[in-house]
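The structure appears below as structure tokens.
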Amino acid sequence: GEGRVTKAEVVGSSGPSREHRQLDRVAVDALGACKFKPGTDENGKPTGAFANVDYVWRLE
């Protein structure tokens with residue numbers, strides 16, 4: 001099945017400015033929209049888990 005993010009938080013900010021905080025919010029929102037395959041227990045039932053995800057911003 002498909003899993004979903006139930007909580008996302010910023011562990012390390014992009015930087016100190018208001019613009020950096022906006023980037024942080026965009027990253028949290030984007031992560032919240034992601035679907036993933038959940039981990040399962042020994043009976044094949046979905047279980048909760050957590051992961052750290054690094055976002056790298058690149059200007060083009």
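Here are the numbers:
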read-out: Reciprocal of mean inverse Cα separation for the chain (Kirkwood radius, Å); value: 13.3 Å
read-out: Amide H within-cut-off set for Gly3, under 5 Å, with H built and near neighbours excluded; value: Phe36, Lys37
read-out: At R0 = 22 Å, FRET efficiency that the Cβ-Cβ distance of Lys35 and Val10 yields, to 0.05; value: 0.55
read-out: Where the chain is the region considered: accessible area per residue in Å², 1.4 Å probe; value: 92 Å²
read-out: Within the chain, helix-based [θ] at 222 nm, where runs of 4 or more DSSP H residues each add -39,500 (n - 2.57), nearest 500; value: -8000 deg cm²/dmol
read-out: Under 14 Å, Cβ to Cβ, from Lys35 - net charge with Lys/Arg +1 and Asp/Glu -1; value: +1
read-out: Helix axis angle, 18-32 relative to the chain longest principal axis, alpha carbon, degrees; value: 20 degrees
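The values are calculated or read from the model by the stated rules, or taken from the named source; none is laboratory data. Since the structure is predicted, the reported quantities are computational estimates derived from the model, not experimental observations. Note that we place each Cβ from the backbone using ideal geometry, even for glycine, and neighbour counts take in every protein chain shown. Surface accessibility is based on the protein's heavy atoms, side chains included, excluding ligands, DNA and RNA. Shrake-Rupley method; radii C 1.70, N 1.55, O 1.52, S 1.80 Å.
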